[in-house]
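> Have a look at this one.
The values are calculated or read from the model by the stated rules, or taken from the named source; none is laboratory data. Worth saying up front: this structure is predicted, and the values here are computed from it rather than measured. FYI the Cβ positions are ideal-geometry reconstructions off the backbone, even for glycines, and counts take in every protein chain you see. The accessibility values were calculated without ligands, DNA or RNA, using every heavy atom of the protein model including side chains. Shrake-Rupley method; radii C 1.70, N 1.55, O 1.52, S 1.80 Å.
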Amino acid sequence: MLCHIPAARRGPLIWLIPSLWTLALGLWGLSRQDSVWRDEAATWQVAGRSTGEIVDMLGNVDAVHGLYYLLMHGLFELFGASTTTLRLPSVLAVAAAAACVAVIGRRLAGSWAGLGGGLALGLLPAVQFYLQEGRPYALVAAGAALSTLLLVSLLSEVSEVSGVSGVSGAGRSGRTGRRARPRWTAYAVTVLVCALLNWLSLLVLPAHAATLWWVRAGRGMWLRWAAYGACAVAGALPLVLFSRSQSDQVSWIPPLTWHMMIGPAILLAVGGVCALADRPRAGRLSAAAVGLPLLAVPQLGLIGISLVQPLFLDRYVLFSMVGLALLIGAGLGAAVRAARPLFPRGAGLIVPGAIGISVLALLPVELGKRAPASRVDDVMAVAGEVARLGRPGDAVLFVPAARRDTALVSPKAFAGLADVALERGPVASATLKGEEADPARIRQALLGQSRVLLVTDAAKVAKPSGAARDAAKAAVLKERFRVVEDRQVRGRRVTVYERR
């Protein structure tokens, strides 16, 4: 058991075990049966462009993900385009976040709290979803965990120098201040990089401010945090302002409703119960003082922002799960301490037992997240249907135009097919989906075809399209063509039309 391992060897194991555990969870079913859904397809097709083409595109669309696309472009160049290359960065990021949680938990609440929190992070359902996702949210979570670890180390050092249980003491030697400067610089850089991956991650700063207030940090600590935090904000501000000009990209997000807040309310309730187990006390640096603000402030902050502009998506604040994992670890650590006087030999089984029970209880979730059906659609599966149904010389249409992503990710499946609605391709137009011709030209092009393949959403996930181009496509198909074959697979649909 952990308590029988010498302290010198125990420290590395506290973070190494959760890191390897999370890595194993991430590698389990990583390819999801070789499926790629629409959000990952955007990463895939942009990462396959040249650096110059990516920069050109960012001027028109998706500037908020620019740094991530450039990173993935480099990885695709080095290792080739595959689902492993697409998702492995997220797996490694969450494994790193689990290590950070374990180190923070051990420092603030003991070895069992660190081990329990680190192991718990990869089991949280939201984390399991984005653990195997070719998008930047797991990387942001890792950055938030690292910045929190840096802040905790700085607060702990102040506490040790001041010689009190809290960190309100203002005494700090010049030597200590100089030693802390590299960590403050690393803190600012980490927050900045996270903001360049997703600028809503700047909500980590008010979360850290809440921690400073909770522990009654001294004036010097507040000034340093404000200065380095301001540098991070200043570095991210151009991206924030520029990306606001592309806000149409998130216009599909629905307005905030009461039922959307059920999830955050449950998370906060669980986090609050675990925080109480840690016996929080004002002025004391504890797992509750760090974890509860990191969980609550981003969730509540995103709710507040969404009252002005709808932006409430759990992935935007995935990094708040780092706070929840830390609180769960603190609760498990408290359970071990409470059980030790009564069951000295069995207390050490509480954490592994709780994790084991959680794995079994969440097994349906774990299996579901690793299945293609866990996502809205699968661009790879529908590409296979197109390859099977298409004939050289056939026309192909996409409704809406964004469903062209399947051709961009799997161009071989569309070889020999004519994209008759496309006027300028995605690369030439510096966009994600390309530019289509006006409705009249689309109609004219379709009238010259004898066979057309329509790629669209499956009936259960399809939404009405108000675009005039899509209306023109539908009208011509209805008037002049008849359906000869129809296939729905993993959220996408291929319908074959022949001229009447």
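> Of the conditions (1) farther than 30 Å from GLY114 by Cα; (2) over 21 Å from the mean Cα position of the chain (by Cα), TRP252 fails just one. Which one is it?
It is condition (2) that TRP252 fails.
> Can you pull out every residue in the range 225-245 that is touching a residue at least 60 places away in the same chain (Cβ under 8 Å) and open to solvent by 20 Å² or more (accessible area, probe 1.4 Å)?
TRP225, LEU239, PHE242
> Within the range 489-498, is even one residue open to solvent by less than 70 Å² (accessible area, probe 1.4 Å), out of contact with any strand residue (DSSP E or B) (no Cβ under 6 Å at 6 or more places or on another chain) and not hydrophobic (A, V, I, L, M, F, W, C)?
yes
> Determine if the range 450-459 includes at least one residue that is assigned to a loop (DSSP other than H, G, I, E, B), open to solvent by 80 Å² or more (accessible area, probe 1.4 Å) and touching a strand residue (DSSP E or B) at 6+ places or on another chain (Cβ under 7 Å).
Among the residues of the range 450-459, at least one is assigned to a loop (DSSP other than H, G, I, E, B), open to solvent by 80 Å² or more (accessible area, probe 1.4 Å) and touching a strand residue (DSSP E or B) at 6+ places or on another chain (Cβ under 7 Å), which makes the answer yes.
> Continuing with the same structure: Return the pair list, or none, for Cβ contacts closer than 9 Å from residues in the range 412-427 that are more than 18 Å from VAL399 (Cβ to Cβ) to residues that are open to solvent by 40 Å² or more (accessible area, probe 1.4 Å) and part of a loop (DSSP other than H, G, I, E, B), at least 6 apart or on different chains.
Cβ pairs passing all conditions: ALA415/PRO392; GLY416/ARG391; GLY416/PRO392; GLY416/GLY393; VAL427/SER50.
> Would you confirm whether or not the range 255-271 contains a residue that is out of contact with any strand residue (DSSP E or B) (no Cβ under 7 Å at 6 or more places or on another chain), open to solvent by less than 20 Å² (accessible area, probe 1.4 Å) and part of a helix (DSSP H, G or I)?
yes
> Further question on the same structure: Among the helices (runs of 4 or more DSSP H) confined wholly to the range 327-435, which include 2 or more residues that are among the small types (Gly, Ala, Ser) and surrounded by 15 or more Cβ atoms within 10 Å (Cβ to Cβ)?
The helices (runs of 4 or more DSSP H) meeting that bar are 350-361, 379-389.
> Between VAL317, VAL297, which is under 30 Å from ILE253 (Cβ atoms), within 19 Å of the chain's Cα centre (by Cα) and either among the charged types (D, E, K, R) or open to solvent by less than 30 Å² (accessible area, probe 1.4 Å) (or both)?
VAL317
> Looking for whichever is more than 17 Å from the chain's Cα centre (by Cα), touching a residue at least 24 places away in the same chain (Cβ under 8 Å), open to solvent by less than 20 Å² (accessible area, probe 1.4 Å) and under 27 Å from ARG403 (Cβ atoms) here; the options are VAL36, VAL46. Which one fits?
On inspection, the qualifying residue turns out to be VAL46.
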